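Data first, discussion second: the structure below is written as structure tokens.
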Amino acid sequence: MNPNNYLVLAAILFTIGALGVLVRRNAIIVFMSVEMMLNAANLAFVAAARSTGTLDGQVAAFFVMVVAAAEVVVGLAIIVTIFRTRRSASIDEASLLKY
Amino acid sequence: MTAALIGLPLFGAATLLLGGRRTNAWGHFFAVAMSASSFFVGIFLFIQMLGRSGEERAVGQYLFDWISVGRFHVPFGLHIDQLSMVFVLLITGVGTLIHVYSIGYMEHDPNRRRFFAYLNLFVAAMLLLVLADNYLLLYVGWEGVGLASYLLISFYQHKPSAAAAGKKAFIVNRVGDVGLSIAVMLMFVTFGTVTFEGVAAGAPQAAPSHVTWIGLALLLAACGKSAQFPLQSWLLDAMEGPTPVSALIHAATMVTAGVYLITRAHAIFDLSSTARTAVVTIGAITLLLGAFIGTAKDDIKKGLAGSTMSQIGYMILAAGLGPAGYVFAIFHLLTHGLFKAGLFLGAGSVMHGMNDDVNMRHYGALRTAMKITYATFGLGYLAIIGVPPFSGFWSKDEIIHAAFGQNIYIGLATLLGAGVTAFYMTRMMAMTFFGEARWEKGIHPHESPATMTAPMLILALGSAFGGLLLVFVGDIEGWLEPIVGIGHSDHAVSNTILIPVTLLVVLVGAGYGWMTYGRRPVPVVAPENVSLLTRAARADAYGDALNEAVFMRPGQYLTRALVWFDSKAIDGTIGGLSAAIGGLSARGRKLQNGYARSYALTMLGGAVLIAFVLLLVRL
Amino acid sequence: MNGESVIFWVTAFFAIVGAVGMIASRKAVHSALWVAFAMVNLAILYFSLEAPFLGTTQIVVYTGAVMMLFLFVLMIVGVDSSDSLLETIKGQRLLAILFAFSFGGMLVAGITSNGPAKVVGLTAANTESGGNMQGLSQLIFGKYLLAFEATSALLITAALGAMVLAHRERWTPRKTQDQLQRERTLSGHPTPLPTPGVLARHNSVDTPALLPDGTASEISLPAPFRGTSEVESGPTEVTK
């Protein structure tokens, strides 16, 4: 089994996540897309850990999960706050900071 | 005592200017009294001076330290010597006479008080000029007379021409004043002092080039104040002022300040032949130019103004001759001050009788209507053309004599000037007092009041006998010798030949003038179809046109070009740059649309670029 | 075709289906479910990649905690709301697809250009200290202790930040018991509101209670459901 396959899968998932960030307006879905990108990175880490025969890659993936959890907590709190004031979770509506 | 000379008229000016309308009733008498008392103080000092022997006659009066900065010390000190004394007597004497004359002349003027205040101010400033013991204090007086001149030329403020003439005099004088200030600065740099004594002592040790430059700067100053070529244009316009002003300031005293300056700075000019040559050249040009202008003027005052230029040209020329000429420059200055003031007062008297008409073509046959004026003007006329034994003869002949001693061409120029002077003065006499009456309707010429005729009579006496007195009683040469020295250059032409030749030239000039204007009728309207030379003379020898073409137009073009350059090139560059940046930002800011997704897209674009580059590097 | 390959191809397919489903769903809830699906598949991949601890954590943390948090927030925001997929920013979608494809294409090209890498395998690393978890903990509490401690600070800060952000500021003074009592008495309904008809007639909270006279009581419903009920009032004729 070619380990590159895992990396290719990670690349595809990452790209799909990035596309989701770019095309979706719902803040929650955008967030999910970000999570998807992080997961793609995790997959690459884990696959690389197996290829190199060390556990450091898995530790990195573990830390990514921790940081992602913290990020989700803060991000969702921000979304809730925005929703409370705007009655909408669309990130396009929060576009007053412009020219 | 010396300070009182200046203080009295200054007090008069201050009283009249600050006192306001309360002084209207007696202000003019007060001014006359101040001027006259100054004159009597002058007489007193003169008698005191006579009591001392030659070397001790110069006395100084130290008043206070004026400026004391580092190495730069300027005392406020007065200095009265034989040269200053001559001027003091001329200024206060003629000044007082003209004050008296003005009582009559300005009788009906609503601003009479102001006029007398300015006259007093002028006398004070002029006295400060001649009594200062250093060049910087002299500069103060120099500017003071400039101010008084400006105020008095534009005295009839309601006339735009008078206002313009005042401004013109002021501006042209500033050009000369720059020369004086440069000279003072150069003196300080070269000698470390600006006192007359210090400069005279230091001049022989100084670098010749410095001395020459100081001399040329002083000459520029003299040109401005004394209306010498090329700064002569203001004097003709200055005739817009009241006639007593023309007589006092623009004929007898202020315009001769340049001669005083050159004589006072003789230590500088004695050492620089270049500067002396320049002075003589300027004097010669101006004496011919002024006389030339005088021949074509129909305005009696402007004719006299041209004559003044010409006569000052004689003085400047004489001063430029060095020790051989200083005495005669001052001598001619004195006699000229007497007879020219008399002539101007006579002109004023004529105008007074002719309802302020200045055009000589409207005069004629006034000798019967104005007998006293005719007589005094006639004496002045004889004096100026140099008929012996009248005063002009003594001084002018000496200058011609000295000029021939210097250089044959200079001598010929002075001789020619004498002839032309005789011509235009005869023309003026003939057009004013002889021929048939060409008076306009409703004009009834009458003799002027006694306040006017009395000063005229006194000045006429001075014109007639001043020269004789100064030569035989006053011994002007011996009087001034301690100050400026006497140098007898080897005269190429002896006086025994020169005097008859000069008289012949004068006679030819006067005869031609009489033939042209005395024997033939004078047209009331100035003929249009005249020679180019006449046209040039009528246009003041194109002095104004020259200034306009050489200074004003290029200046205007320069400023216009600068304005254009500023608004188009500089503002265009700056404005264009800012507009370009503004336009760019106006478009660029559209990128900041506030959509987080857009920004994320940009980020991804950057990531694509980086990935592409990395791939390129690796492959 | 060994077992690992089979697992990879199957889970890879499902993971991609889940990811595509996430970005293609109109409803956020569906997206969340697709994400959870994709993540479970990734967890399976972790297991097959000799990372049982991470696979477990993936399921517990992501599908269990993070995705549930997403669902909670979705409930606050509105479960039913469905997004329009119409693009409003000019050129955004086209450029996004273009960039995404070129980026992914270049990543794949970069990865595949290396050729197959040698796989060391984790058997040795995992057995060295007695198992995968033991090996990981040796690294986390040894080599990466500082980073681990930093994550604790990060988590505390994140929790505090979430609290601060979600905290609602009180703009009006708290009502006193007296005021509450007064309001209640004046509201026209001083007694407690009737309970919904749960259990009595139906097992859903959107069922109104039936009053003794047989009419359905709207006020028995929680505020969000009022007016949505389709339950008919019962018979009004009461047999005597």
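The values are calculated or read from the model by the stated rules, or taken from the named source; none is laboratory data. Values in this document were obtained by computation on a predicted structure and should not be read as measured data. Because the Cβ atoms are built from the backbone with ideal geometry, glycine has one as well, and the counts that use them run over all protein chains shown. Note: areas computed on protein heavy atoms with side chains; ligands, DNA, RNA excluded. Shrake-Rupley method; radii C 1.70, N 1.55, O 1.52, S 1.80 Å.
Of note:
- If the condition is being among the aliphatic types (A, V, I, L, M) and open to solvent by 10 Å² or more (accessible area, probe 1.4 Å), then the stretch A:29-54 contributes A:30, A:34, A:37, A:38, A:41, A:44, A:48.
- Which listed residue, of B:226, B:272, B:161, B:246, is polar (S, T, N, Q) and open to solvent by 50 Å² or more (accessible area, probe 1.4 Å): B:161
- Exactly one residue out of C:53, C:37 is in the same structural domain as residue C:3 (by TED's automatic domain parsing) and in contact (Cβ under 8 Å) with a residue 60 or more places away in the chain, and it is C:53.
- Qualifying residues in the stretch C:23-39 (those that are open to solvent by 60 Å² or more (accessible area, probe 1.4 Å) and in contact with a helix residue (DSSP H, G or I) (Cβ under 7 Å, 6 or more places away or on another chain)) - the one farthest from the other protein chains (Cβ to nearest Cβ): C:37
- Consider the stretch B:369-400 and keep the residues that are assigned to a loop (DSSP other than H, G, I, E, B) and on the phi < 0 side of the Ramachandran plot. The one that is farthest from the chain's Cα centre (by Cα) is B:369.
- Among the residues of the stretch A:55-68, those that are open to solvent by 20 Å² or more (accessible area, probe 1.4 Å) and more than 7 Å from every other protein chain (Cβ to nearest Cβ) comprise A:60, A:64.
- Among residues of the stretch A:26-48, those that are within 21 Å of residue C:93 (Cα to Cα) and touching a residue at least 12 places away in the same chain (Cβ under 8 Å), counted: 11
- Just so you know, in the stretch C:96-119 the residues that are in contact with a helix residue (DSSP H, G or I) (Cβ under 6 Å, 6 or more places away or on another chain) and of a type in the set (A, V, I, L, M) include one that is farthest from residue B:615 (Cα to Cα), and it is C:119.
- Inside the stretch B:169-214, residues that are β-branched (Val, Ile, Thr), surrounded by 15 or more Cβ atoms within 10 Å (Cβ to Cβ) and under 19 Å from the mean Cα position of the chain (by Cα) make up a count of 3.
- Some residue of the stretch B:526-547 being more than 14 Å from chain A (Cβ to nearest Cβ), open to solvent by less than 90 Å² (accessible area, probe 1.4 Å) and of a type in the set (Val, Ile, Thr): yes
- Helices (runs of 4 or more DSSP H) enclosed by the stretch C:71-142 - at least 3 residues per element that are more than 9 Å from chain A (Cβ to nearest Cβ) and more than 27 Å from residue C:36 (Cβ to Cβ): C:92-112
- Hits in the stretch A:69-99 (condition: in contact with a Leu (Cβ under 8 Å, 6 or more places away or on another chain) and of a type in the set (S, T, N, Q)): A:81
- Residues of the stretch B:15-33 that turn out to be open to solvent by 40 Å² or more (accessible area, probe 1.4 Å), under 21 Å from residue B:244 (Cα atoms) and assigned to a helix (DSSP H, G or I), as a count: 4
- Within the stretch A:69-99, the set of residues being in a helix (DSSP H, G or I) and facing another protein chain (nearest Cβ under 7 Å) comprises A:69, A:70, A:72, A:73, A:74, A:76, A:77, A:78, A:79, A:80, A:81, A:83.
- Residues located in the stretch C:88-101, provided they are more than 14 Å from residue A:16 (Cβ to Cβ) and either among the hydrophobic types (A, V, I, L, M, F, W, C) or surrounded by 15 or more Cβ atoms within 10 Å (Cβ to Cβ) (or both): C:89, C:92, C:93, C:94, C:95, C:98
- Subset of the stretch A:4-25 that is in contact (Cβ under 8 Å) with a residue 40 or more places away in the chain and open to solvent by 10 Å² or more (accessible area, probe 1.4 Å) - its residue that is nearest to the other protein chains (Cβ to nearest Cβ): A:7
- Residues of the stretch B:574-616 classified as open to solvent by 50 Å² or more (accessible area, probe 1.4 Å) and within 11 Å of another protein chain (Cβ to nearest Cβ), total: 17
- Looking at C:10, C:20, just one residue is open to solvent by 10 Å² or more (accessible area, probe 1.4 Å), facing chain A (nearest Cβ under 7 Å), β-branched (Val, Ile, Thr) and in a helix (DSSP H, G or I), and that residue is C:20.
- Candidates C:166, C:147 - the one that is within 33 Å of the chain's Cα centre (by Cα), modelled with pLDDT of 90 or more and of a type in the set (A, V, I, L, M, F, W, C): C:147
- When B:84, B:37 are screened for being among the polar types (S, T, N, Q) and closer than 25 Å to residue B:134 by Cα, only B:84 passes.
- Inspection of the stretch C:82-99 finds a residue satisfying the criterion of being touching a strand residue (DSSP E or B) at 6+ places or on another chain (Cβ under 8 Å) and within 26 Å of residue A:75 (Cβ to Cβ).
- The residues of the stretch C:40-70 that are open to solvent by 10 Å² or more (accessible area, probe 1.4 Å) and either facing another protein chain (nearest Cβ under 9 Å) or charged (D, E, K, R) (or both), listed by number, are C:50, C:53, C:57, C:61, C:65, C:69.
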